[in-house]
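Read the structure below first, then the notes.
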Amino acid sequence: AAREHVYAHLSEAARAEYLSSHPAAAARTAAILSGKEGACFVAQSNGKIAGFLMGTLAEPITPEIRYGVIDNIRVIPELRGQGIGSQLVVNFSEWAAKSGATRLSVDVSPRNESALRFYARHGLTPATLILESDLTKKAVA
């Protein structure tokens, strides 16, 4: 049977439920969910939440360059591969462009090969490389 997927902004009830279950990220998440600093798109399948994407608009780098930033995207594992994540990215991309973004970005671990392939299908390519060090371990001089 074909699944029906519904994509929409997050409802007030779902916002309250999400915020109460994620207190550590409450302030930033609340700003995104309120629409003041971004947008949240939700996918539903058979009346249940199947996935969501939260994103923001970064401050313009130049008058010509402003990024729409995917902050968080999740699709229920058993529903992956059905185009839900892709539609969430498309919806966010359209919202970001209408809101003044000229580019799209997302932070991804270089070890997350499936995410890299997913984003490549949407035209995202590596743009920067961030190096990091674990300061709890002894550094080699």
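What follows draws every value from the coordinates through simple rules; no lab data is involved. Bear in mind the structure is a predicted one, so any value in this text is a computation, not a measurement. Here Cβ is always computed from backbone atoms with ideal geometry, including for glycine, and neighbour counts include all displayed protein chains.
Points worth noting:
- If you go through the range 86-101 and pick out every residue that is crowded, with 16+ Cβ neighbours inside 10 Å and in contact (Cβ under 8 Å) with a residue 40 or more places away in the chain, you end up with 7.
- Residues that are surrounded by 13 or more Cβ atoms within 10 Å (Cβ to Cβ) and not β-branched (Val, Ile, Thr), drawn from the range 56-72: LEU57, ALA58, PRO60, ARG66, TYR67, GLY68, ASP71, ASN72
- Those residues of the range 102-141 which are in contact (Cβ under 8 Å) with a residue 24 or more places away in the chain and outside any helix (DSSP H, G or I), in sequence order: THR102, ARG103, LEU104, SER105, VAL106, HIS122
- Pair list, Cβ under 8 Å, 6 or more apart: the range 59-84 residue part of a helix (DSSP H, G or I), other residue of a type in the set (Ser, Thr, Tyr): LEU79/SER45; ILE84/SER45
- Conditions (1) surrounded by fewer than 19 Cβ atoms within 10 Å (Cβ to Cβ); (2) over 22 Å from LEU129 (Cβ atoms): number failed by ALA115: (2)
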